[in-house]
Amino acid sequence: MTQVYTEGFAEYVLVEYRWVIVISLLLPMSFLWKIWSAVRNYVVFKLNSAPKMHDKKVKKVQRQIKDWLAGDRQTKLCTSRPGWQTMSFRQPIYKKTFTNIDINLVDVLEVDTKNLTVRCEPLVTMGQLSKTLEPLGLALPVVPELDQLTVGGLVMGTGVETSSHIYGLFQHICQQYELVLADGSVVTCSKNENPDLFYAVPWSYGTLGFLTSVVISLVPAKKFVRLEYHPFTSLSELSTRFKQESLKEKPHGFIEALLFGKETGVVMTGDMVDELGTDGKMNPIGKWYSEWFFKQVMRHLNKFQQGNRNTVVEYIPLRHYYHRHTRSLFWELQDIISFGNNPIFRYLFGWLMPPEVSLLKLTQPEAVGKLYDRAHVIQDMLVPIDRLESAINCFHKEFEVYPIWLCSFKVFNVPGQLRVSSGDWQMFVDIGVYGVPKAKGFETVPSTRRVEEFVIKNAGFQMLYADTYTTSQEFRQMFDHTLYDKLRNSLSHCKEAFPEIYEKVNRSVRK
């Protein structure tokens, strides 16, 4: 009885006073982890030891697979990375019954300043890469938002950012993949070498082989982003402006929109610059004491609604811009630390933010998971940009979660799982919905199923990190498996070693 009471009390504290645990335990732990990671990555990169060790680490992966091949092969293969370390809200159940392959591939291997490429291992994070490239005056063409997103996750899943209307998804800036296949062999693939495998790897979720390195394109970087804020109080007008900016022949370098209600939001357009102009102020949004970025955007909307119709221009340091939603995890932290944007908290504890998502997941009690099941939505749905208004109406009816993140991106007409209707490319929009639904009659499964049905009918896609309630048949209707099936049938031991994508992402295999 005492044990039950103690466990119940501990769970109550974790649910009702989770912010206490976050501030007293998780933030200090996260801070120490960040310091260790930064020092370790800097030393390894400066000593140039990562390239020397890479082949040894790859051979270790090969040995583990060959051991599996020599055994009874009764289990499938997956990485040993714990589910709580990933950025997905859910933890995979299948890892408990699969053979776990240890993959310690966490380093930047080479920056080629002449050919503008970087070669890195799959567990390198966006924060790690942007920090490495900044002193060299270089950047990735597409820098997915959150610091802890990994290269491997963005390749095997997907990644999008506010420059994607020009460059496409993260997979489209990748030039070469190195993988260890189910037969233990190491292969490289590119548009010219093993092209079928190259185009099939993105969105494959680790079901074709183990990714061991990636060569990614780079672009010259400038010091600042000149950002313009364009508020709207009409969904139709906002949608029209967002589409026009995205489809311009010579568009701005960065395009993003935040919706704060069904009819209200802000379209932001930006470009890299080296000098501060006289038409706007400097805004270092990445400082520890800075107001959360989405709150700053909301202030511009409020001023607009109060009659101030002047276009606001700000100059933001480039790396601050790239990671502008990191400290508040978009707006998810407001549900965990409700006072996290309070000026006093920011000045005292802002330098500790954000807590590591992995630690949040690791300390999440079952009751919080159940609460998220009932009353929380974390989804990114990708639809053709000409369906934007109807998609927002659907999301409002089924979820009514705000803010909503809008980010346009090109899907190029190349082999793989994503289809385009015609031409060399088609413009889509990522509709990111993260928060507590207020829609009348919201029920997690039926409401999400209706949104998934809308996305399928409108030739869209669902990001694989999110809860997927589609059937296997619907999933195949959403994604083109033609090339994927061809590879799984032709690669030695592939179907024996790896499940299909759907078997790793549907809701029944995640808790």
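The values are calculated or read from the model by the stated rules, or taken from the named source; none is laboratory data. Model, not experiment: these values are computed from the prediction. No Cβ is skipped: glycine too gets one built from the backbone with ideal geometry, and neighbour counts run over all protein chains shown. Protein only, heavy atoms only, side chains kept; ligands, DNA and RNA dropped before computing areas. Shrake-Rupley method; radii C 1.70, N 1.55, O 1.52, S 1.80 Å.
Dipole magnitude for region 114-201: about 240 debye, using +1 per Lys or Arg Cβ and -1 per Asp or Glu Cβ, origin at the Cα centre. Shape summary: region 397-471 maps onto an equivalent ellipsoid whose semi-axes, from the alpha-carbon gyration tensor, are 26, 14, 10 Å in decreasing order. Calculated mean residue ellipticity at 222 nm for the chain: -10500 deg cm²/dmol, from DSSP H runs with n ≥ 4 weighted as -39500 (n - 2.57), summed, divided by the residue count and rounded to 500.
Counting only heavy atoms of the protein chains, get the accessible area per residue of the chain (1.4 Å probe) and round it to a whole Å² value.
Working: 22260 Å² over 511 residues.
I get 44 Å² per residue for this part.
Bridgeable aspartates and glutamates around LYS57 (alpha carbons under 12 Å apart, same-chain partners fewer than 8 residues away excluded): ASP102, ASP107, GLU121. Qualifying trypsin sites (Lys or Arg not before Pro) in region 253-330, where qualification requires a DSSP coil assignment and no more than 12 other C-beta atoms within 10 Å, comprise ARG309.
Of the residues LEU105, GLY340, VAL214, the one whose Cα sits farthest towards the positive end of the charge dipole of the chain is LEU105 (charges of +1 on Lys and Arg Cβ, -1 on Asp and Glu Cβ, taken about the Cα centre).
What's the carbon and sulfur percent of the chain's accessible surface, probe 1.4 angstrom, rounded to a whole number?
Working: 12000 of 22260 Å².
Roughly 54 percent, rounded to a whole number.
Magnitude of the charge dipole for region 186-270, about its Cα centre and with charges confined to Cβ atoms of Lys, Arg (+1) and Asp, Glu (-1), is about 280 debye. Ordering PRO231, LEU318, PHE479 by Cα displacement along the dipole of the chain toward the positive end leaves LEU318 in first place; charges were set at the Cβ atoms of Lys, Arg (+1) and Asp, Glu (-1).
Just how large is the dipole of the chain about the Cα centre, in debye to the nearest 20, putting +1 at every Lys and Arg Cβ and -1 at every Asp and Glu Cβ?
On the way: 59 positive and 53 negative charges, 128 e Å.
My answer is approximately 620 debye.
Relative contact order of the chain, please, whole-number percent, based on alpha carbon pairs below 8 angstrom and at least 6 residues apart. Dividing the mean separation by the residue count of the chain yields 18 percent.
The mean sequence distance of close C-alpha pairs (under 8 Å, at least 6 residues apart), as a share of the length of region 216-323, puts its relative contact order at 38 percent. By DSSP, the beta bridges lying fully in region 397-511 are antiparallel in about 90 percent of cases. Pairs exceeding 27 Å between alpha-carbon atoms, taken from LYS457/LYS504; LYS131/LYS287; LYS34/LYS410; LYS191/LYS223: LYS34/LYS410; LYS191/LYS223. For the chain, the share of DSSP beta bridges that are antiparallel, to the nearest 5, is 90%.
The alpha-carbon atoms of the chain define a convex hull whose volume equals 164 cubic angstrom per residue.
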